[in-house]
Amino acid sequence: MTTTLFVRDLAVTYDNGPPAVSGYSVDLMAGTLTVILGRNGAGKTSTLRGITGFLAHESGSVRGTIALDGVVVRRPNPLRLSRLGVGLVAERDKVFANMSVYDQMRLVMSARDVAEHIRPLLLCMATDVTYCGPAGSGQIVKQLNNMVLFQNVLAIAEAHAVATAAGLDGTLLFDALSKGSADSFALRNHGMKAILSDEYPLNAFSTDYALKDLSYALEVASATGVAAQGAELVRRVLEATREAGWGNQYFPVLRRTIGPAKGTAE
């Protein structure tokens, strides 16, 4: 029987603590069902999250070898593995109670008919629901949404810096931009509500979170051979912002990295 999924010496740790999983190896054969048994805290979930790449950008580290159909998966992450046919079904309160286990698994693999079936449930949580394509497509769209937002906010911050350094009023600038082709969600929210007042609260979407999300988008760009130069520029600015001590503040604080926030609203 052919091995479909091959795992060797899997090790999972969290925050440099003791191993949650150590030396786990398994061969999963096509057409078979494999069950992992163990008491609470034995590492069952950590094993599955380690194999499917869900710890790659979190507070854990994963070591070991994972191969599909004889091909080693380098730097495994949920996007890459879902495209290869490996998905992780959620548990407990993260599943849809009226769906069978089979349909839960089909949803993870992004079967369109299943997605359409649960659309009424999704509309209870959002005003707009868009089916983006096969497994991993929605994740890419979300990453690119944030990548575009970060670049927009950087452009707005630079415009504010140039205008105020030239003696213009920042509020007047943003009001004028909002009436022309430079208008945007980022201008009306991140610009007018944060950059103008030079207020960047804690516990909002921080510089650290922005860097995390941007790293996902840049990883996709690298995997697809695209030189995302604008995104790379934003990353450098965000890294400088974090190094200046503003990593836990609302990410439009990158404005301070560009220069003194002159001409802000009182």
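Here, each number is a calculation from the coordinates, and none is a lab measurement. None of these values were measured; they are calculated from a predicted model. Cβ atoms come from the backbone with ideal geometry, glycine included; neighbour counts cover every protein chain shown.
Membrane-span-like helices in the chain (whole DSSP H runs, Cα extent of at least 27 Å along the helix axis, mean Kyte-Doolittle hydropathy of at least 0.5): 137-165. Only Cα sites of the chain enter the Debye sum here, all with the same form factor; the resulting log10 I(q)/I(0) across q = 0.07, 0.09, 0.14, 0.17 1/Å is -0.35, -0.56, -1.09, -1.32, listed in q order. Between residue 189 and residue 158, residue separation times 0.36 nm minus the direct Cα-Cα distance comes to 9.6 nm. Excluding the site residues themselves, the longest part of the chain lacking any trypsin sites (Lys or Arg not before Pro) in a DSSP loop with at most 12 other Cβ atoms within 10 Å is 75-178. Note on the chain: with charges restricted to the Cβ of Lys and Arg (+1) and Asp and Glu (-1), its dipole about the Cα centre is near 520 debye.
If you take all other residues with their beta carbon under 15 Å from the beta carbon of residue 235, and give Lys and Arg +1 and Asp and Glu -1, the sum is -3. Comparing 230, 136, 70 in a Gaussian network model of the chain (Cα springs below 10 Å), the most mobile by mean-square fluctuation is 70. Going by neighbour counts of Cβ atoms within 10 Å, the residues 65, 32, 127 line up, fewest first, as 127, 32, 65. Between residue 176 and residue 122, the modelled label-to-label distance comes to 4.3 nm, taking each label 7 Å out from Cα in the direction of the beta carbon. Each of the chymotrypsin sites (Phe, Trp or Tyr not before Pro) that DSSP puts in a loop and that has at most 16 other Cβ atoms within 10 Å breaks the chain; the longest unbroken stretch is 1-95.
Between residue 141 and residue 72, the simple label model (points 7 Å from Cα in the Cβ direction) yields a spacing of 3.6 nm. Among 190, 117, 160, the largest mean-square fluctuation in a Gaussian network model of the chain, built with springs joining Cα atoms closer than 10 Å, belongs to 117. Kirkwood Rh and Cα-based Rg: tell me the resulting Rg over Rh for region 3-88, rounded to two decimals. Taking Rh as the inverse mean 1/r over Cα pairs, Rg/Rh reads 0.94.
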